[in-house]
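Please read the structure below before turning to the comments.
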């Protein structure tokens, strides 16, 4: 019997328990006690948790340190949930919290739970009450008393119920976050409850809900000594005094902060923002998306330059009701963020939340990470910070950063606290300004001259050319020059081709613009049989380029890099309507000219002669008849010349106003910051 007992002890008990058992065996010969201790010790491995609950050293992370941190939390949907007895609670009142599994009765061994403010800095709020059955142990986190709770024993639990008292000096929403360990190797971190609104207590409220001391259907005979819960009158969230956004507290003083649009940290108005806090070899990164952006992810890249590609990226991605952390490595052409072969244990999630569509995560990253042979040494290196956010995901990757992206203007040592500014957007702004000046301004006016003013200012010339042709040529040469320069500027900025609606329509426009003046150099003579084909081709190429350019400008409003307001679309619509209306009025003048002109040429020939399209020029058999009357036609302006000149003046003034307003929106983007 002694050999059998020793064999059992050696297999199931740790050395300390084995020594104790042998001592008891020798001194008291308590065979039954040894066997019982061995059996209990073997059984506890099925649900392994610290027998005295979570230590207060994990108050911030709520992350079990199993096997020295090598056991990572589950990424799957948690089978456990945190439920509250109400979605509204008054200041100083009590709320019941239940941690349960699905299916019902699914047990767990360890847990930890806190209530945190839904707004930054996500501090722990409220207090938990001791449980009368002794299954709950209270914790003191962040220098406060009883503001967190954990298990008091590692036995299996199908459910845990707790009492939580809201603060008397807090208004706003709280979210309960829990860590639940089903076994030693299987646990879930950051299981959230639905938001609970803390409102002012209405002492006159009646019709109390069932008290927390009411019996429940668990095995712990739950009871509470607190007063019955009285529901307060509901106060809409919009009426609750919003606490100041404290995410930005310490920016430039104790941590580096950077976000977009550029300069948003100073005004606390970032669409997406990041912060880096360094304490010795501890590098903590915070990321947050903007409210109302419908972000599918928010990410921070560390790069040797201000361009995307070959960067170490930290991604915070909401998936299946929780925030997941990923490390990825970006490639420039074609752009992608690859998670494969990137050590995912180089960073760990300390805290995360998803409230009202706003993603927040706090991440601790190792000071040295090696990815694909490249070392990212945070202690000794300097890196550009690249903040990005997008509304879509790919399989095992994030999608395009359509919400926004901005690199820091210079590489920084993350441990040196400073004001971090974004990279210069000068080339982008100049590109947009030049394109607007070219295609909204000079092209529109140049087309008007060529189409409606060939029989105006007759006898007056500039540089030996008719006025309409001199102005048309000058305006179109300006368009060509501005377009080519703008195209070069954006290539210098991007250093690679990008493929989306704006870039594709823009490249077609540039190609047509480049071809037009080259084709004009080979214009056939007036009597050449190819002249009609040239006229039609020149007309089609010019108008198609003009239309595509305006469409490309519409597409640019949606580009994150442009930072243009959405209401700029309405200004562009106004320009299009105005431009079409002026064309319609000028066309009416042409019809009136057709009715009044008589003389050498027939009505058809005369109408075609003053038509900007020069339909007469496009048919060879009309040219002889038109030459007979040409000398007399050139002696006088076509009818209504004064009205046409007046309308041209009005059009020019309004066109300049459109161009100036649109260019200001581009160069001062984001324009909203000027009015904050």
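Throughout, read-outs are computed from the coordinates displayed, never taken from laboratory work. Everything numeric in this text was worked out from a predicted model, so none of it was measured. Every residue, glycine among them, receives a Cβ derived from its backbone with ideal geometry; neighbour counts consider all protein chains shown.
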Query raised in the report: Quick one: which of 575-587, 442-454 comes out on top by average Cβ neighbours within 10 Å, and what's the full order, highest first?
Result: 442-454, 575-587
Report summary line: Note: residue 485 to residue 382 extended length (0.36 nm per residue) minus current alpha-carbon separation gives 33.7 nm
**Report entry** Mean Cβ count within 10 Å, highest first, over the residues of peptides 524-531, 641-648
**Finding:** 641-648, 524-531
Query raised in the report: What ranking do 145-154, 563-572 get when scored by the average of other Cβ atoms within 10 Å per residue, highest first?
Result: 145-154, 563-572
Query raised in the report: Going by a ≥ b ≥ c, the root eigenvalues of the Cα gyration tensor, does the stretch 247-407 fall in the rounded group (a/c under 1.5), the prolate group (a/b larger than b/c) or the oblate group?
Result: rounded
Query raised in the report: What's the extension gain from residue 507 to residue 143 if we count 0.36 nm per residue and subtract their Cα-Cα distance?
Result: 124.9 nm
Query raised in the report: How many angstrom lie between the C-alpha centres of the stretch 100-139 and the stretch 60-99?
Result: 6
Query raised in the report: Full extension from residue 356 to residue 336: what is 0.36 nm times the residue separation minus their Cα-Cα distance, to one decimal in nm?
Result: 4.4 nm
Report summary line: Given a Förster distance of 22 Å, the FRET efficiency implied by the Cβ-Cβ spacing of residue 492 and residue 310, rounded to the nearest 0.05, works out to 0.65
Report task. Calculate the length of the line joining the C-alpha centroid of the stretch 525-560 to that of the stretch 418-480, in whole Å. Result -> 15
Query - Two-site label geometry, residue 527 and residue 374: point separation in nm, points 7 Å out along Cα→Cβ - result: 6.8
Report task. Whole Å is fine, so just give me how far the alpha carbon centre of the stretch 484-522 lies from that of the stretch 180-202. Result -> 54
